[in-house]
Amino acid sequence: MPSRTPRAVASTAPRTTRRFSLDDVLARRLATQRLTGPALRNPASVVRELVCVQAQDAPLSRYSIGLRSGRTDAEVRAVIDAGEIVRTHILRPTWHYVSAKDLRWILELTSTKQEAGLAARHRQLGIDEALIDRTMDLLRERLNGRNFATRTELGISFAERRLVDRGHDLFGQRVGHLLMIAEFRALICSGPMIGNDHSYALVDDVVPRTRSMDREEAICELVKRFVASHGPVDIRDIVRWSRLTQAEIMGAIGRADGRIVASEVGEDTLWFVRRDRRTPTRPHRALLLSRFDEAYLTYLRSGFPRPADHPGGHAAERFAEAGGGPVICDLRDVGTWKRTVKGPVVHVSLSLARAVDADQRDAIEAAADRLADFTGLEGRISYADVGRTSGQV
């Protein structure tokens with residue numbers, strides 16, 4: 001937290017109510033995030049409750065939704081195809097899954113700032129307002145009437161219209177940034193999946209009109225729902241997730257009528273919703289989480305501790321990597337996993353701390369079993385450590 005609460009909200013910000021241990025916080029978050037707490041049966045409800053689910057690694061982001069809903073990949077994809085969940089650039093300049101019901105007001109609140117933050121990169125790519133206008137016109141024409149198209153198909157259309165040069169070294173980046181601008185401006189979002197690819201659609205064709213909010217109301221809604229679905233959470237985590245300012249966030253907390261309260265965890269102050277604690281009803285001892293899972297990526301200061309012999313050591317996490325993530329067991333980050341799909345088989349490679357005992361390995365293998373069940377494929381595991389061999393999940 002900042003050392004000084006903004007004066008405008010100092011009188012209304014709630015005071016600390018109690019002190020938690022880190023394990024209390026970690027257990028509470030897993031229940032709050034529906035990983036050990038009651039599952040939400042509809043994948044769309046999971047995304048709406050979490051507000052936005054980071055989704056550049058789309059297959060494992062669907063797995064994150066499946067863990068919280070007990071649904072398979074095919075069932076999550078069906079909800080995406082139905083338009084209840086869309087995938088787009090929102091909040092920060094990266095992919096997220098978001099409820100169609102929330103798309104418009106979150107974009108209205110956040111996208112102008114995000115697009116402005118990319119201005120220097122757009123100048124480097126030769127993207128100016130004249131090119132953007134021509135691109136928006138092409139997208140309206142190309143996608144009109146639910147005529148869904150993939151990024152590859154749209155890139156071909158851009159080249160044919162001479163908006164971008166396919167022979168240019170930065171062709172892919174120029175296409176990607178032009179599409180991102182169209183997403184920030186609520187012109188396009190994802191449509192139904194075509195094979196394993198997300199298509200693009202016009203927002204007005206697939207997303208219903210929703211009530212607009214003024215800025216203060218929208219900030220309060222975003223902060224309240226983030227804390228309710230991710231808490232206990234550090235103010236700095238909300239800043240990273242939303243790109244709102246600390247003053248805006250503290251103002252929203254101050255206007256929550258005492259519903260959002262604080263706790264001390266070590267030297268940190270964390271915020272959560274009073275009297276909204278979910279209890280574990282699915283007490284999984286071990287979880288294979290995506291590297292971009294909201295339960296892992298969100299908390300950069302008070303996340304899962306690692307044992308001294310963690311295979312990754314204590315180096316900072318590399319969040320550019322896809323296809324795997326941390327192995328969580330007994331509220332500790334005890335290793336890493338990687339998923340590879342080859343035909344009808346999903347291979348899960350595990351690299352674990354040597355301190356992991358036999359019972360913990362059994363729990364971790366059960367977590368790999370859940371991953372295989374989600375994909376609907378045959379599951380096989382292998383261990384990177386000595387003395388373990390491949391086997392069927």
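The values are calculated or read from the model by the stated rules, or taken from the named source; none is laboratory data. Only a predicted model underlies this, so the values are computations on that prediction, with no experimental measurement involved. Methodologically, a virtual Cβ is constructed for each residue, glycine included, from the backbone with ideal geometry; neighbour enumeration extends over all protein chains shown. Note: areas computed on protein heavy atoms with side chains; ligands, DNA, RNA excluded. Shrake-Rupley method; radii C 1.70, N 1.55, O 1.52, S 1.80 Å.
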With labels modelled as points extended 7 Å from the Cα through the Cβ direction, what inter-label distance (nm, one decimal) is found for Glu129 paired with Glu321?
-> 4.4
Quickly estimate the mean residue ellipticity at 222 nm for the chain, helices only: each DSSP H run with n ≥ 4 gives -39500 (n - 2.57), and the total goes over all residues, rounded to 500.
-> -12500 deg cm²/dmol
Using amide H atoms built 1.01 Å from N in the peptide plane, name the residues 5+ places from Val327, or on other chains, whose amide H lies under 5 Å from its own.
-> Val334, Gly335, Thr336, Trp337
Whole-Hz Karplus ³J(HN,Hα) for segment 103-114, in order, using 6.51 cos²θ - 1.76 cosθ + 1.60 and θ = phi - 60°, x for Gly and Pro?
-> 4, 5, 6, 5, 4, 4, 6, 10, 6, 4, 5, 5
Can you send over the carbon and sulfur percentage of the accessible area for the chain, probe radius 1.4 Å, protein chains only?
-> 47
Peptides ranked, highest mean first, by Cβ atoms within 10 Å: ranges 361-368, 224-231, 86-93, 19-26 | 86-93, 224-231, 361-368, 19-26
Here the percent of antiparallel bridges among DSSP beta bridges lying wholly in segment 238-393, to the nearest 5, is 80
Distance between segment 272-314 and segment 175-219 - C-alpha centres, whole angstrom = 30
Determine how large the accessible area of Met180 is when every protein chain is in place; take a 1.4 Å probe and give Å² rounded to the nearest 10.
-> 20
Net length gained if the chain between Asn144 and Leu118 were fully extended (0.36 nm per residue, minus Cα distance) = 6.6 nm
Using θ = phi - 60° and the Karplus curve 6.51 cos²θ - 1.76 cosθ + 1.60, what whole-Hz ³J(HN,Hα) does each residue of segment 241-253 get, with Gly and Pro shown as x?
-> 6, 9, 6, 6, 7, 4, 5, 5, 5, 5, x, 5, 5
In square nanometres and to one decimal, what's the mean projected area of the convex hull around the Cα atoms of segment 149-224?
-> 7.2
Give the value in nm², to one decimal: projected area of the alpha carbon convex hull of the chain, averaged over all directions.
-> 20.7
With a Förster radius of 45 Å, plug the Cβ-Cβ distance of Ile156 and Leu300 into 1/(1 + (r/R0)^6) and report the FRET value to the nearest 0.05.
-> 0.70
Probe 1.4 Å, protein heavy atoms only - accessible area per residue of the chain in square angstrom = 44
For segment 351-368, in residue order, the Karplus 3J(HN,Hα) values (coefficients 6.51, -1.76, 1.60; θ = phi - 60°; whole Hz; Gly and Pro = x) are 10, 10, 4, 5, 6, 5, 8, 5, 5, 5, 4, 4, 5, 5, 5, 5, 5, 5
Ranked packing of 346-354, 145-153, 303-311, most packed first, by mean Cβ within 10 Å | 346-354, 303-311, 145-153
